[in-house]
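Inspection log for the structure reproduced underneath, given as structure tokens.
The values are calculated or read from the model by the stated rules, or taken from the named source; none is laboratory data. None of these values were measured; they are calculated from a predicted model. Cβ atoms come from the backbone with ideal geometry, glycine included; neighbour counts cover every protein chain shown.
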């Protein structure tokens, strides 16, 4: 688990006991390692060496301001998919010139705001969006920097909910329509064509889909150059997976080396933009939860915990597997099989099935590899306040999001007058 390991019987984040954090902050809560986040980003950046590049963190993976600020301090760029994510990046000091704005449904106000602050590039996903970008830029008497996000119809061999590069997905412009889209963009007075982009999905654990997608992009670049439309950069998106169970994803260095080799094979030295998210923060977080009850039926044993699918929806949404570990090892050494389930009134509220554990009422468990798509997908379902978030830095830890209170949860609502 990298920066999460045992010191004696106790699981630690860096140098801080997770038992200590739970006692101070309560459960459920998310705990992140600063060292893990920074190390993961630096590995991507260093892998490029002197090759021109930009590492843009995918904000949707985890948008906590403390995490964004750490990455901004490192000089990271940011891949955003909403006006809200734009504002978060700006609030932590992110350079707007290093922001890439993706997403299929950008509204006029989001485009206008992005132009106002001077973002680096829009990844345009339809000709309708291209026209709106052009007209919005015209109203501001400016030119919008754009790349066309191409859908290369590449099978990323991942969960269908996070596969974005097949031709039936809502994302991007089909490869066979891309040349016409670029010709349209080149004719527009308030659009400046900078690049070509794609993103084929998430939690990809093989290099071949990335290599295939890049090959298809570069063929398009050649066609564009022949048409008289020069391209200044290639954005290959994100999607590199992490290890949840027994996956063996490529390292950052292997991934980047494959991209550079693919460029060189076709005689290009264009700058490369990548947009890693999960592979920067996924392994950098755990969720702490306490066992409320141990329940036995004739056919099952349940460890009923205080974290539910509203706190971590990935197992219910994707059938995702997360390792679940005891924070403190038991002295009994007597293990049994349990389904680890939450309090939410849904049968799908299961964090892990058939797990071998030695647990008792009151024990702490750590759900691993939840730094990405954990808190950001949380909700108030069953009127449950959302959990706290903590950042560990060496032998210190900091509360980077307060646990939501009932008053805060109800603050935006009102009842009808008498």
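Here are some conditions: (1) under 30 Å from residue 280 (Cβ atoms); (2) assigned to a helix (DSSP H, G or I). Residue 196 meets all but one. Which one does it not meet?
The single condition residue 196 does not satisfy is (2).
Check segment 78-86 and report whether any residue there is part of a helix (DSSP H, G or I), closer than 21 Å to residue 147 by Cβ, touching a strand residue (DSSP E or B) at 6+ places or on another chain (Cβ under 7 Å) and not assigned by TED's automatic domain parsing to the domain that holds residue 142.
In the first step, residues of segment 78-86 are kept if they are part of a helix (DSSP H, G or I); the result is 83-86.
Going one step further and asking which of them are closer than 21 Å to residue 147 by Cβ, we end up with 83, 85-86.
Those still in the list that are touching a strand residue (DSSP E or B) at 6+ places or on another chain (Cβ under 7 Å) too: 86.
In the following step, the residues that additionally are not assigned by TED's automatic domain parsing to the domain that holds residue 142 were identified as 86.
Checked segment 78-86: at least one residue is part of a helix (DSSP H, G or I), closer than 21 Å to residue 147 by Cβ, touching a strand residue (DSSP E or B) at 6+ places or on another chain (Cβ under 7 Å) and not assigned by TED's automatic domain parsing to the domain that holds residue 142.
Considering only strands (runs of 3 or more DSSP E) fully contained in segment 242-306, which possess at least 2 residues that are in contact with a strand residue (DSSP E or B) (Cβ under 8 Å, 6 or more places away or on another chain) and closer than 17 Å to residue 211 by Cβ?
Values: elements: 272-274, 285-296, 301-305.
Result: 272-274.
Taking segment 263-274, which residues are surrounded by 14 or more Cβ atoms within 10 Å (Cβ to Cβ), within 19 Å of residue 45 (Cβ to Cβ) and touching a helix residue (DSSP H, G or I) at 6+ places or on another chain (Cβ under 8 Å)?
263, 270, 272, 274, listed by residue number.
Only one of these conditions is not met by residue 22: (1) in contact with a helix residue (DSSP H, G or I) (Cβ under 9 Å, 6 or more places away or on another chain); (2) in a helix (DSSP H, G or I). Which number is it?
Evaluating residue 22 over (1) in contact with a helix residue (DSSP H, G or I) (Cβ under 9 Å, 6 or more places away or on another chain); (2) in a helix (DSSP H, G or I) leaves (1) as the failure.
Only residues that are under 13 Å from residue 374 (Cβ atoms) and out of contact with any strand residue (DSSP E or B) (no Cβ under 6 Å at 6 or more places or on another chain): list them for segment 317-360, please.
Filtering segment 317-360 down to residues under 13 Å from residue 374 (Cβ atoms) leaves 317-318, 320, 322, 351.
Hits for segment 317-360 are 317, 318, 320.
Need the failing condition index for residue 362 against (1) surrounded by fewer than 18 Cβ atoms within 10 Å (Cβ to Cβ); (2) touching a helix residue (DSSP H, G or I) at 6+ places or on another chain (Cβ under 8 Å), just the number.
(2)
Determine whether residue 314 is touching a helix residue (DSSP H, G or I) at 6+ places or on another chain (Cβ under 8 Å), buried (at least 18 other Cβ atoms within 10 Å of the Cβ) and within 16 Å of residue 387 (Cβ to Cβ). Give the derivation first.
On the way: touching a helix residue (DSSP H, G or I) at 6+ places or on another chain (Cβ under 8 Å): yes; buried (at least 18 other Cβ atoms within 10 Å of the Cβ): yes; within 16 Å of residue 387 (Cβ to Cβ): yes.
Considered against the rule, which asks whether it is touching a helix residue (DSSP H, G or I) at 6+ places or on another chain (Cβ under 8 Å), buried (at least 18 other Cβ atoms within 10 Å of the Cβ) and within 16 Å of residue 387 (Cβ to Cβ), residue 314 comes out as yes.
Only residues that are assigned to a helix (DSSP H, G or I) and either surrounded by fewer than 18 Cβ atoms within 10 Å (Cβ to Cβ) or not assigned by TED's automatic domain parsing to the domain that holds residue 175 (or both): list them for segment 222-240, please.
Across segment 222-240, the qualifying residues are 222, 223, 225, 226, 227.
Is there a residue in segment 55-62 that is free of Cβ contacts under 8 Å to residues at least 40 places away in the same chain and assigned to a loop (DSSP other than H, G, I, E, B)? Working first, answer last.
Just the residues of segment 55-62 that are free of Cβ contacts under 8 Å to residues at least 40 places away in the same chain, to begin with: none.
Within segment 55-62, none of the residues are free of Cβ contacts under 8 Å to residues at least 40 places away in the same chain and assigned to a loop (DSSP other than H, G, I, E, B).
Could you check how many residues of segment 25-54 are surrounded by fewer than 24 Cβ atoms within 10 Å (Cβ to Cβ) and outside any helix (DSSP H, G or I)?
The number of residues fulfilling the criteria is 9.
On the basis of being surrounded by fewer than 24 Cβ atoms within 10 Å (Cβ to Cβ), at pLDDT 95 or above and under 22 Å from residue 402 (Cβ atoms), does residue 63 make the cut?
Values: surrounded by fewer than 24 Cβ atoms within 10 Å (Cβ to Cβ): yes; at pLDDT 95 or above: yes; under 22 Å from residue 402 (Cβ atoms): yes.
Yes; evaluated as a whole, the condition is true for this residue.
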